[in-house]
Amino acid sequence: MRIYNTLTRSVEELEPIEPGHVRLYTCGPTVYDYAHIGNFRAYVWEDLLRRTLKLLGFRVTQVMNITDIEDKIIKKMNDEGLTLDQATRPYIDAFFEDIETLRIERAEHYPRATDHIEEMLEITAALEKRGLTYESQGSLYFKIDAFEGYGRLSNLDNREVKSGARVDSDEYDKDDARDFVLWKGHREGEVSWPSPYGEGRPGWHLECSAMSMKYLGESFDLHTGGVDNIFPHHENEIAQSEGATGKPFVRYWMHAAHLMVDGEKMAKSKGNFYTLRDLLEKGHAPRAIRLLLLGTYYRGPLNFTFEGLAKATSEVQRLDDMVVRLEREPAGADGNDEDFDSRVAARVDEFKQALANDLNISSALGAVFGTVREVHQALDKGELPSGSRETLAGAMDVFHSVLDLAADTDAGLDAEIEALIEQRNEARKARNFAESDRIRDELTARGILLEDTPQGTVWKRKL
RNA sequence: GGCGGCGUGGCCAAGUGGUAAGGCAGAGGUCUGCAAAACCUUUAUUCACCGGUUCGACUCCGGUCGCCGCCUCCA
């Protein structure tokens with residue numbers, strides 16, 4: 001498995017600390033609102049990463065944090081008079097519903113920041129002991145000058161950061177504008193926890209250090225997030241973690257580029273802001289949304305358009321149609337078409353190789369659609385013997401172990417719709433095509449598409 | 001200004017020293033009562049631009065232009 005490591009700015013072979021076992025930390029949601037499709041681009045990509053690692057034989061232990069204490073949450077509590085739990089629970093629940101909708105595989109751990117205040121304070125204590133902090137007006141800060149190597153991830157050494165040039169937007173007192181807050185002193189009307197520095201709450205970066213190290217160890221393999229997290233979030237995590245333990249924190253960092261909408265940054269003010277729920281309400285299929293978010297190389301921007309979503313819908317439909325065709329054209333012969341089998345085997349290999357090369361999903365999808373074509377060609381020429389169908393089923397299992405785009409098994413048609421199809425076939429037999437077309441149109445309007453094949457009329461649900 | 005990423009057909013998008021995958025959309029054909037699906041044919045002498053290295057570059061090097069992101073709490 002080769003991956004692009006932000007830390008070294010090059011593609012490297014992934015070599016976990018414990019051979020064969022990847023410990024993965026993925027930055028998760030801040031639960032003050034519904035996650036938007038840009039967030040899901042990152043989560044779907046992380047799902048691709050996780051599933052690819054497993055396909056390639058790695059065991060994966062993944063942690064995704066839930067940030068349930070943060071400025072925007074506090075604002076929501078105060079604006080709407082809610083408790084912390086009332087403010088965050090609906091969005092935590094929505095998040096889990098949404099990842100299920102998108103078929104994002106569950107991580108092993110979803111720790112919440114507010115459940116790990118103790119672990120965070122252990123880190124600040126360690127940092128204090130090493131002289132990397134200072135207190136000011138009830139808040140604790142990380143002293144960047146005292147930590148050697150700050151800025152490695154984001155190339156900050158080469159930046160022109162002018163100390164003190166920027167007014168501190170948080171209105172907390174810092175010695176140096178670049179220093180960041182570990183623990184925020186209590187302010188009127190804010191939730192707080194006791195600490196050696198007085199009542200207060202954790203700074204944003206601290207939770208990820210505390211929770212990643214608790215579940216994955218002081219040194220672990222892989223940490224991911226959106227590119228916007230490189231600085232300051234991940235840079236500060238490194239400083240806090242390594243400052244506290246004296247050990248290397250994370251070996252590989254991966255970052256996904258942003259999603260854009262119609263070529264522009266998605267923003268509520270531009271009216272191009274979508275949550276997953278918005279798209280579902282417009283009638284778009286979850287699998288199509290998943291494929292759209294999955295289908296672009298993660299290091300490049302993903303331009304979300306409804307045209308692109310329509311394309312993804314067609315592609316999912318093409319995958320479904322192949323399955324339907326195989327069902328209605330049963331194998332008439334035993335044995336194998338060895339030529340077919342070897343071509344499919346080559347596609348599976350191509351699929352794995354592509355993903356192993358820094359998650360080259362476009363190339364991997366090329367292998368999948370190439371397989372679909374092989375199948376149709378084989379069926380057109382004659383039949384596909386049962387042994388080769390098993391070969392194909394195995395290949396599709398490999399593809400879907402990562403893509404997870406197979407149709408749910410359908411419970412079957414309502415009796416009423418079944419009756420309509422029967423009526424239509426009666427009309428067709430009587431060559432009453434006006435009537436048969438009317439019934440077909442009616443079913444189309446209800447989302448049922450019909451196809452008349454040599455094996456009879458088959459139907460499918462419109463995606 | 002600094003840092004990072006990206007620029008390939010109508011659109012999305014692989015490839016990467018040896019002559020451009022795949023998908024979507026379009027056109028024509030086969031099949032069909034008509035459709036749909038599927039298959040076949042067809043759409044880049046060309047990979048932002050300009051130089052250089054090379055027998056040969058989209059691919060390496062240098063430069064230019066353009067787009068996007070980050071530069072203190074946005075995935």
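Among the residues of segment A:297-314, the ones that are open to solvent by 50 Å² or more (accessible area, probe 1.4 Å) and within 7 Å of RNA strand B (Cβ to nearest atom) come to 8 in all. Scanning segment A:112-157 for residues that are in contact with a Gly (Cβ under 9 Å, 6 or more places away or on another chain) and among the basic types (K, R) yields A:R130, A:K143. Considering segment A:221-257, and only residues there that are under 19 Å from A:A126 (Cα atoms) and more than 16 Å from RNA strand B (Cβ to nearest atom), the residue that is nearest to the chain's Cα centre (by Cα) turns out to be A:F249.
Taking the criterion of being part of a loop (DSSP other than H, G, I, E, B) and aliphatic (A, V, I, L, M), the residues of segment A:1-19 that qualify are A:M1, A:L7, A:L14, A:I17.
Among residues of segment A:419-463 being small (G, A, S) and buried (at least 17 other Cβ atoms within 10 Å of the Cβ), the one that is nearest to A:Q317 (Cα to Cα) is A:S436.
When segment A:21-59 is filtered for residues that are within 22 Å of A:E350 (Cα to Cα) and in contact with a Phe, Trp or Tyr (Cβ under 7 Å, 6 or more places away or on another chain), only A:W45 remains. Do we have any residue at all in segment A:324-341 that's within 13 Å of RNA strand B (Cβ to nearest atom), without any contact (Cβ under 8 Å) to a residue 40 or more places away in the chain and either within 27 Å of the chain's Cα centre (by Cα) or assigned to a loop (DSSP other than H, G, I, E, B) (or both)? No, there is no match, as no residue in segment A:324-341 is within 13 Å of RNA strand B (Cβ to nearest atom), without any contact (Cβ under 8 Å) to a residue 40 or more places away in the chain and either within 27 Å of the chain's Cα centre (by Cα) or assigned to a loop (DSSP other than H, G, I, E, B) (or both). In the set (1) surrounded by fewer than 19 Cβ atoms within 10 Å (Cβ to Cβ); (2) away from RNA strand B (no atom under 16 Å from the Cβ), the condition left unmet by A:P16 is number (1). Scanning segment A:405-418 for residues that are open to solvent by 40 Å² or more (accessible area, probe 1.4 Å) and not small (G, A, S) turns up A:D408, A:T409, A:D410, A:D414, A:E416, A:E418.
Of all residues in segment A:91-118, those that are not in a helix (DSSP H, G or I) and not basic (K, R) total 9. Within segment A:365-398, the only residue that satisfies the criterion of being open to solvent by 40 Å² or more (accessible area, probe 1.4 Å) and among the aliphatic types (A, V, I, L, M) is A:A393. A single member of A:D71, A:D33 is among the acidic types (D, E), under 25 Å from A:G185 (Cβ atoms) and within 10 Å of RNA strand B (Cβ to nearest atom), and it is A:D71. When A:E188, A:E171 are checked against the criterion of being modelled with pLDDT under 90, farther than 18 Å from A:T114 by Cα, assigned to a loop (DSSP other than H, G, I, E, B) and more than 11 Å from RNA strand B (Cβ to nearest atom), A:E188 stands alone in meeting it.
Yes/no matrix, rows are residues, columns are (1) without any contact (Cβ under 8 Å) to a residue 40 or more places away in the chain; (2) within 14 Å of RNA strand B (Cβ to nearest atom); (3) open to solvent by less than 10 Å² (accessible area, probe 1.4 Å):
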{"site": "A:D79", "(1), (2), (3)": "yes, no, no"}
{"site": "A:D85", "(1), (2), (3)": "yes, no, no"}
{"site": "A:T88", "(1), (2), (3)": "no, yes, yes"}
{"site": "A:A94", "(1), (2), (3)": "no, yes, yes"}
{"site": "A:E97", "(1), (2), (3)": "yes, no, no"}
{"site": "A:R103", "(1), (2), (3)": "no, no, no"}
{"site": "A:R112", "(1), (2), (3)": "no, no, no"}
{"site": "A:K129", "(1), (2), (3)": "yes, no, no"}
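Can you tell me which residues in segment A:21-40 are under 13 Å from A:F96 (Cβ atoms) and surrounded by fewer than 24 Cβ atoms within 10 Å (Cβ to Cβ)? Within segment A:21-40, A:Y34, A:A35 meet the criteria. When segment A:344-364 is limited to residues that are more than 20 Å from A:Y4 (Cα to Cα) and surrounded by fewer than 19 Cβ atoms within 10 Å (Cβ to Cβ), the one that is farthest from RNA strand B (Cβ to nearest atom) turns out to be A:A345. The single condition from (1) open to solvent by less than 30 Å² (accessible area, probe 1.4 Å); (2) touching a residue at least 40 places away in the same chain (Cβ under 8 Å); (3) within 33 Å of the chain's Cα centre (by Cα) that A:D321 fails is (1).
Considering only segment A:189-219, state which residues are within 15 Å of A:Q240 (Cα to Cα) and open to solvent by less than 30 Å² (accessible area, probe 1.4 Å).
A:P202, A:G203, A:H205, A:L206, A:E207, A:C208, A:S209, A:A210, A:M211, A:S212, A:M213, A:G217, listed by residue number.
When A:V60 is tested against (1) surrounded by fewer than 18 Cβ atoms within 10 Å (Cβ to Cβ); (2) farther than 15 Å from A:M254 by Cα, just one condition goes unmet, and that condition is (1). Only one of the numbered conditions (1) more than 8 Å from RNA strand B (Cβ to nearest atom); (2) closer than 30 Å to A:G271 by Cα; (3) loosely packed, with under 15 Cβ neighbours inside 10 Å is violated by A:R287, and that is (3).
The numbered conditions (1) without any contact (Cβ under 8 Å) to a residue 60 or more places away in the chain; (2) out of contact with any helix residue (DSSP H, G or I) (no Cβ under 9 Å at 6 or more places or on another chain); (3) in a helix (DSSP H, G or I) are all true for A:G57 except (3).
Here A:S401 meets the list (1) more than 10 Å from RNA strand B (Cβ to nearest atom); (2) under 25 Å from A:L49 (Cβ atoms); (3) among the hydroxyl-bearing types (S, T, Y); (4) without any contact (Cβ under 8 Å) to a residue 24 or more places away in the chain almost entirely, failing just condition (4).
The values are calculated or read from the model by the stated rules, or taken from the named source; none is laboratory data. None of these values were measured; they are calculated from a predicted model. No Cβ is skipped: glycine too gets one built from the backbone with ideal geometry, and neighbour counts run over all protein chains shown. The protein model used for the area step is the full one, side chains on, heavy atoms only, and it has no ligands, DNA or RNA in it. Shrake-Rupley method; radii C 1.70, N 1.55, O 1.52, S 1.80 Å.
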